[in-house]
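Only the coordinates and a few stated rules stand behind these numbers; no lab work does. In this text, all values refer to a predicted model and were calculated from it rather than measured experimentally. As a convention, Cβ positions derive from the backbone with ideal geometry for all residues, glycine included, and neighbour counts pool all protein chains shown.
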Amino acid sequence: MIKSELVLKIAETNPHLYQRDVENIVNAILDEISGAMSRGDRVELRGFGAFSVKERPARVGRNPRTGAHVKVDEKVVPFFKTGKDMRLRLNRSSMAKAQA
């Protein structure tokens, strides 16, 4: 699902809200999550998961095409860990498919 599909789905389930308002709400939420992560904060949505950042140290990598050694700078990458409710929900649906 992409952001525009999410906005449409929320707008459909909440007919009292205008689609442009739903889009503004979704953008505000995502901007706030991004801003918190850029400050190094952790964002936890109970039942869904937690967004955080992890620091990867500098290292020497390898170019897969040539095999030459390449210096890779340190970087910060986003990380998402699913919440318990989300894991249970995903596993319940996969188990139901396996039984069918």
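Just to confirm the filter: which trypsin sites (Lys or Arg not before Pro) across the range 45-84 are DSSP coil and have at most 14 other Cβ within 10 angstrom of their Cβ? Don't jump to the answer; show the numbers that get you there.
Numbers: sites: ARG46, LYS54, ARG59, ARG62, ARG65, LYS71, LYS75, LYS81, LYS84; in loops: ARG46, ARG65.
Passing sites in the range 45-84 are ARG46, ARG65.
What is the dipole size for the chain, taken about its Cα centre, with +1 at each Lys and Arg Cβ and -1 at each Asp and Glu Cβ, in debye to the nearest 20?
Once rounded to the nearest 20, the dipole reads 720 debye.
List the aspartates and glutamates whose Cα sits under 18 Å from the Cα of LYS9, skipping any in the same chain fewer than 8 residues away.
Within the straight-line cut-off, LYS9 pairs with ASP21, GLU23.
Putting +1 on Lys and Arg Cβ atoms and -1 on Asp and Glu Cβ atoms, find which of HIS16, PHE79, ILE29 reaches farthest to the positive end of the dipole of the chain.
PHE79
How high is the relative contact order of the chain, given as a whole-number percent (alpha carbon pairs under 8 Å, six or more residues apart)?
Here the relative contact order equals 19 percent.
If N is the number of residues in the range 1-41, what value comes out of its Cα radius of gyration divided by 2.2 N^0.38 Å? Working shown, then result.
Details: Rg = 11.9 Å, N = 41, 2.2 N^0.38 = 9.0 Å.
The reported ratio for this selection is 1.32.
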